[in-house]
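**Student:** Supplied in structure tokens, the structure appears directly below.
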Amino acid sequence: MAATMKPLLTDLVSTVSSVPPNFIRPESDRPNLHDVISDHSIPVVDLHHLDGPNRSTVVKAIGQACQNYGFFQVKNHGVSNEVIDKMMHVSKEFFHLPESERLKNYSDDPMKTTRLSTSFNVRTENVSSWRDYLRLHCYPLEDYVNEWPTNPPSFREDTAEYCNNTRRLALRLLEAISESLDLEKDHINSALGKHAQHMAINYYPPCPEPELTYGLPGHADPNAITILLQDGVPGLQVLKNGKWIAVNPIPYTFIVNIGDQIQVLSNDRYKSVLHRAVVNCKAERISIPTFYCPSPDAMIRAAPQLINPVQHPSIYRNFTYSEYYDKFWKRGLNAETCLDMFKV
Ligand code: OGA
Ligand code: NI
């Protein structure tokens with residue numbers, strides 16, 4: 001097989017000493033790594049007091065972060081170091097499996113519920129991104145776990161445990177976010193229908209020329225909230241006032257961001273903020289986002305309490321999450337938000 005015929009980047013990288021042409025961004029769309037802000041990050045919220053008498057203080061901190069950044073980090077989140085370590089470990093083992101073993105899971109069909117793929121959507125994109133990823137649907141667990149990889153042998157068990165833990169955290173965060181918008185604690189929970197949960201394991205191999213390409217170009221997440229675990233290698237950057245801020249790793253901390261569906265539910269009080277992943281020439285990087293979502297048939301609309309004909313008129317038409325999700329994957333990652341297609 002010619003080197004360029006390798007479907008996965010992980011197997012291509014060892015054969016190249018420069019970035020192949022299909023990964024090179026036009027000059028107007030490159031990371032400009034020297035312009036990235038590294039001495040200021042996103043807020044860290046301690047969830048220790050979320051379920052006690054000081055709940056309102058924590059809820060307020062979450063609301064402020066959602067409003068000002070669309071992003072925050074959480075510590076004392078209730079997911080044990082052991083669960084996190086096992087998830088990170090089995091992820092690394094997966095991407096270090098022989099090519100033939102990994103390729104058993106390969107598909108470029110975005111609608112497949114378990115698949116290993118590369119870049120973002122190879123069927124529609126013009127420029128590739130420096131990433132391979134394993135994507136899994138994971139709620140309800142019993143509907144999907146039997147599709148998941150069986151190699152490494154502990155993959156299903158470790159990942160299922162991780163999913164249960166991040167789901168519990170997502171539900172607590174959705175309650176806090178509802179309250180921070182002065183909605184009933186249960187509002188967002190109900191608005192998501194039967195709920196869905198997806199995850200990705202992103203694998204970014206070292207890149208010989210990180211200034212020419214992205215791991216993931218700037219994008220907003222289409223789901224409700226994302227809970228991201230990253231390893232010790234920096235790469236995530238968040239847009240704030242027109243500048244990219246580096247989110248440097250803090251061990252055992254999750255990064256939470258508002259996705260497009262909360263932007264709609266909040267009638268634009270909270271924004272689904274652009275973020276990107278850059279690569280580096282030294283180290284592989286793994287990040288594991290949990291995408292907490294509405295179920296496909298959930299009808300998404302702004303909370304009536306947040307619509308006011310004069311000050312806050314309704315911004316988006318009603319739509320089902322499946323309609324949104326389909327458009328998201330078809331149009332490709334793009335700095336112009338997918339939400340614009342749903343404005344009234
Ligand atoms: C994503 C994402 C960031 C990262 O997968 O949607 O934004 O650091 N990942 O990998
Ligand atoms: Ni993202």
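**Student:** Restricting the search to the stretch 12-49, which residues are in contact (Cβ under 8 Å) with a residue 60 or more places away in the chain, in a helix (DSSP H, G or I), farther than 17 Å from Val247 by Cβ and not acidic (Asp, Glu)?
**Tutor:** Hits for the stretch 12-49 are Val13, Asn22, Phe23, Leu47.
**Student:** What are the residues in the stretch 123-141 that are hydrophobic (A, V, I, L, M, F, W, C), over 22 Å from Cys163 (Cα atoms) and crowded, with 20+ Cβ neighbours inside 10 Å, if any?
**Tutor:** Matches in the stretch 123-141: Trp130 only.
**Student:** Looking at the stretch 175-232 only, could you name the residues that are in contact (Cβ under 8 Å) with a residue 40 or more places away in the chain and small (Gly, Ala, Ser)?
**Tutor:** Ala176, Ser180, Ala191, Gly193, Ala196, Ala200, Gly215, Gly218, Ala220, Ala224
**Student:** Please work out if Gly242 is more than 15 Å from ligand 2 (Cβ to nearest atom), at pLDDT 95 or above and under 26 Å from Val79 (Cα atoms).
**Tutor:** no
**Student:** Does Thr226 fit the bill of being out of contact with any helix residue (DSSP H, G or I) (no Cβ under 8 Å at 6 or more places or on another chain), among the polar types (S, T, N, Q), under 22 Å from Met88 (Cβ atoms) and within 14 Å of ligand 2 (Cβ to nearest atom)?
**Tutor:** Here the answer is yes, as Thr226 does meet what is asked.
Quick grid of which residues meet (1) closer than 19 Å to Arg115 by Cβ; (2) hydroxyl-bearing (Ser, Thr, Tyr):
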| site | (1), (2) |
| --- | --- |
| His137 | yes, no |
| Ser154 | no, yes |
| Arg167 | no, no |
| Leu181 | no, no |
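**Student:** Return only the number of the condition from (1) within 30 Å of Val278 (Cα to Cα); (2) away from ligand 2 (no atom under 16 Å from the Cβ) that Leu141 does not satisfy.
**Tutor:** (1)
**Student:** Something else now. For the stretch 131-148, how many residues meet the condition of being more than 20 Å from Leu192 (Cβ to Cβ) and out of contact with any helix residue (DSSP H, G or I) (no Cβ under 6 Å at 6 or more places or on another chain)?
**Tutor:** 5
**Student:** Residue check, Leu212 against (1) of a type in the set (A, V, I, L, M); (2) under 30 Å from Ile300 (Cα atoms); (3) away from ligand 2 (no atom under 12 Å from the Cβ), all met but one. Which one?
**Tutor:** Looking at each condition in turn, Leu212 falls short on (2).
**Student:** Here's something else I'd like to know. So which of Ala283, Ala298 is over 18 Å from the mean Cα position of the chain (by Cα), closer than 26 Å to Pro205 by Cβ and at pLDDT 95 or above?
**Tutor:** Ala283
**Student:** While we're here: If you go through the stretch 50-70 one residue at a time, do you hit one that is of a type in the set (Phe, Trp, Tyr), at negative phi and assigned to a strand (DSSP E or B)?
**Tutor:** no
**Student:** Additional query: Give the residues of the stretch 81-108 that are free of Cβ contacts under 8 Å to residues at least 12 places away in the same chain and more than 20 Å from Gly215 (Cβ to Cβ), sorted by residue number.
**Tutor:** Correct list: Glu82, Asp85, Pro98, Ser100, Ser107.
**Student:** To continue, here is another question. Based on this model, can you work out whether Thr226 counts as closer than 28 Å to Thr57 by Cβ and within 16 Å of ligand 1 (Cβ to nearest atom)?
**Tutor:** In short, yes.
**Student:** Within the stretch 186-208, is there a residue that is open to solvent by less than 40 Å² (accessible area, probe 1.4 Å), away from ligand 2 (no atom under 12 Å from the Cβ) and among the hydroxyl-bearing types (Ser, Thr, Tyr)?
**Tutor:** yes
**Student:** Suppose we filter the stretch 74-114 for residues that are touching an Asp or Glu at 6+ places or on another chain (Cβ under 7 Å) and assigned to a loop (DSSP other than H, G, I, E, B); how many remain?
**Tutor:** The qualifying residues number 2.
The values are calculated or read from the model by the stated rules, or taken from the named source; none is laboratory data. Everything quoted here is computed from the prediction, not taken from an experiment. Ideal geometry is used to build each Cβ from the backbone, glycine not excepted, and the neighbour counts take in all protein chains shown. Remember, those area values only see protein heavy atoms, side chains included, never the ligands or the DNA or RNA. Shrake-Rupley method; radii C 1.70, N 1.55, O 1.52, S 1.80 Å.
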